[in-house]
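A quick write-up on the structure given underneath.
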Amino acid sequence: MTLNIGDTILQSRLFLGTAQYPSPKALEQSIEAAQPGLVTVSLRRESKAGKGQDFWNIIKGFDLPVLPNTAGCHSVKEAVTTAEMAREIFETNWIKLEIIGDDYTLQPDPYGLVEATESLIEKGFNVFPYMTDDLVLAQKLVNAGCDILMPWGAPIGSGRGVNNPYALKLLRDRYPNITLVVDAGIGAPSHAAQVMEMGYDAVLLNTAVAKAGDPPVMARAFAQSIEAGRSAYLAGIIAPQESGEASTPLIDKPIWHQK
Amino acid sequence: MKVTINGQPKDFPGDYEAPLNLYDVLAQEEVIGMMIAVAHNGNVIPKGDYAQIFIEDGDIIEIVAPMQGG
């Protein structure tokens, strides 16, 4: 169930966030249980206390690809500078571009997103834009040079699952050759399976694992559901219909059942 | 001279004979050797260039490190 991103082969279609775990140990155990294709990371101010170094020591032990984010940025300039700092520190040109437009829903700012994407692609970044499920926004981002899009399922951390399956399906249908990742809003493994069954390429989630009663067990459950959803998509799911259709053949049915 | 480091104003001696460079500032902040990235007045400075950046009064320095993220 590998996924290719450029020249990198990801071993899983689960992208796992590293924030909000009850302890560093729970984070470590959850990554171990999930075996994700990549982990997402962020940047914060550092002092001589070296808080970020302990975290990094956990992450680098897994030797997984990392996808830095621009979480908390509200402007294009802030996001572009953060991306450049992320590239310097993590030595990757991958960036999960997040520009928040509304603090209540954490809905991304579509206008800033397109502007920052254009700027970052010009600077040589591979932009993974965290976006709403808007089709026209997707067009703008693809035109700007994105070959990956990451529409939300629902607001970050809400655990609502997919608010608008129609919009996500439309994106999949219209962009068969773009890598599509549902990012944000996932709460249960069934939500992840749902989008994988729709043909999405991967799922990015964090809170659903980190805030679960038992994060490592939930991490494993998500890994299984994403694999199951992908297999189902590849196998071809039957079309639903209104009437029943007997699954047991009726030919040579014994006579005493007939009136 | 005053330099703002991660939002906090700090005083450094201004010396025209031996001007302060970014490496000196980072050494005084005790972050050399850590996995960090540094921006000087909004420009990201590659690791190897710290000693080439000279600090002036009013400069703004941001020092960041890896952190948990979703």
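Bear in mind these aren't lab numbers, they're just calculated from the coordinates by the rules spelled out. These figures come from a predicted structure and were not determined experimentally. So basically every Cβ, Gly included, is an ideal-geometry build from the backbone, and we count neighbours across all protein chains shown.
General remarks:
- Rounded Å value of the spacing that divides the Cα centres of the range A:1-47 and the range A:88-132: 19
- Bridge type composition, the protein assembly as shown - antiparallel percent by DSSP, nearest 5: 50
- Chain A: relative contact order in percent, alpha carbon pairs under 8 Å with at least 6 residues between: 19
- Backbone phi angles across the range A:241-246, fed through the Karplus curve with coefficients 6.51, -1.76 and 1.60 (θ = phi - 60°), yield HN-Hα couplings of 9, 6, 9, x, 9, 4 Hz in residue order; Gly and Pro are listed as x.
- Amide proton proximity set for A:Leu38, modelled H, under 5 Å, gap of 5+: A:Leu16
- Each Cα pair under 8 Å and six or more residues apart adds its separation to the average, and for the range B:2-64 the resulting relative contact order is 48 percent.
- Compared with the dominant principal axis of the Cα atoms in chain A, helix A:51-60 is inclined by about 40°.
- DSSP bridge orientation in the range B:2-64 - percent antiparallel, rounded to nearest 5: 85
- Among beta bridges that DSSP assigns inside the range A:65-218, antiparallel share in %, nearest 5: 15
- Per-residue HN-Hα couplings for the range A:67-76 [Karplus 6.51, -1.76, 1.60; θ = phi - 60°; Hz; x = Gly/Pro]: 10, x, 10, 10, 4, x, 7, 10, 10, 4
- Cross-link pairs beyond the 25 Å C-alpha cut-off, checked among A:Lys96/B:Lys10; A:Lys60/B:Lys10; A:Lys96/B:Lys47; A:Lys48/A:Lys77: A:Lys96/B:Lys10; A:Lys60/B:Lys10; A:Lys48/A:Lys77
- Rounded to whole Hz, the Karplus (6.51, -1.76, 1.60) HN-Hα couplings of the range A:31-46, x for glycine and proline: 5, 4, 6, 7, 6, x, x, 7, 10, 9, 9, 9, 10, 9, 4, 10
- Among B:29-42, A:167-180, A:27-40, the peptide with the highest mean count of other Cβ atoms within 10 Å heads the list, and the full ranking is A:27-40, B:29-42, A:167-180.
- Under a model in which nothing but the beta-carbon of Lys, Arg (+1) and Asp, Glu (-1) is charged, the protein assembly as shown shows a dipole of about 1340 debye around its Cα centre.
- Mean residue ellipticity (222 nm) of chain A, computed from DSSP H runs ≥ 4 via -39,500 (n - 2.57), nearest 500: -12000 deg cm²/dmol
- Computed from Cα positions, the angle between helix A:135-144 and the longest principal axis of chain A comes to roughly 50 degrees.
- Simple rule: put +1 on each Lys or Arg Cβ and -1 on each Asp or Glu Cβ in the range B:2-64, find the dipole, and look at B:Tyr50, B:Ala39, B:Tyr23; the Cα lying farthest toward the positive end is B:Ala39.
- Footprinting exposure proxy for A:Lys140, B:Lys47 (fewest neighbouring C-beta atoms within 10 Å first): B:Lys47, A:Lys140
- Other protein chain C-beta atoms within 10 Å of residue C-beta, averaged over B:2-10: 1.
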